[in-house]
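Peer 1: Right, I'll just put the structure down here and ask away after.
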Amino acid sequence: MAGISQDWEPVVIRKKAPTAAARKDEKAVNAARRVGAEIETVKKFNAGSNKAASSGTSLNTKKLDEDTENLAHEKVPTELKKAIMKARMDKKLTQSQLAQIINEKPQVIQEYESGKAIPNQQIIAKLERALGAKLRGKK
C-alpha cells in the first residue's frame, strides 16, 4: 500500500452575493449598519414621483392649449356620395354587391354613401371602374 495517497482539497461553499434589490432591503441595510459597513445613500432627482408629468405645462402642452384651430378629418363631399349612390342604383347593385366587386367590406361603401368615410383615391378609383362612371372631378 505504498503508492496510495489521497489529494484532498478543501471545498468552500458560499451563498450567492445578494441581488441589487436585496442590498437595498431595509433588513440588509440595518444589518450592514450593525456590522459597521459603509452605507451610501443617494437622493435621486424626482425619485418616486411623477412630477415631470404633472408639474407645470411644457412647451407642447402650452401650444395645444393655446391652439384655437378646429382640426377634423376630411370627409366625403356631398357630390361624391350622391354620385356613388346614383351610379350604384343605375347598375342595380346593393352596397354589399358593389363592395364584393371592388374587394372591400360593405361597411366601406356604407361609409362613403353616408359621407362618414375619409376619402381614399384608390377606393374611389375602384368604384369608378366598377360602376363605369366618373365620380371625381374633371380629369
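Peer 1: Could you list, in sequence order, all residues of the range 94-139 that are within 24 Å of Leu71 (Cβ to Cβ), touching a Lys or Arg at 6+ places or on another chain (Cβ under 9 Å) and not hydroxyl-bearing (Ser, Thr, Tyr)?
Peer 2: Residues satisfying the conditions are Gly115, Lys116, Ala117, Ile118, Pro119, Gln121, Ile124.
Peer 1: Taking the stated definitions as given, is Ala72 modelled with pLDDT under 90 and open to solvent by less than 100 Å² (accessible area, probe 1.4 Å)?
Peer 2: Numbers: modelled with pLDDT under 90: yes; open to solvent by less than 100 Å² (accessible area, probe 1.4 Å): yes.
It is true that Ala72 is modelled with pLDDT under 90 and open to solvent by less than 100 Å² (accessible area, probe 1.4 Å).
Peer 1: Filter the range 82-122 for residues that are hydrophobic (A, V, I, L, M, F, W, C), assigned to a helix (DSSP H, G or I) and open to solvent by less than 20 Å² (accessible area, probe 1.4 Å) and give the result.
Peer 2: Ile84, Ala87, Leu98, Ala99, Ile109
Peer 1: Something else: Based on this model, can you work out whether Glu9 counts as modelled with pLDDT of 70 or more, under 30 Å from Ala117 (Cβ atoms) and out of contact with any Pro (no Cβ under 9 Å at 6 or more places or on another chain)?
Peer 2: For Glu9, the condition - modelled with pLDDT of 70 or more, under 30 Å from Ala117 (Cβ atoms) and out of contact with any Pro (no Cβ under 9 Å at 6 or more places or on another chain) - is not met.
The values are calculated or read from the model by the stated rules, or taken from the named source; none is laboratory data. From a predicted model like this one, the values you see are computed outputs, not experimental measurements. Please note: Cβ atoms are built from the backbone with ideal geometry, for glycine as well, and neighbour counts cover all protein chains shown. Keep in mind that these areas ignore ligands, DNA and RNA; they rest on the heavy atoms of the full protein, side chains included. Shrake-Rupley method; radii C 1.70, N 1.55, O 1.52, S 1.80 Å.
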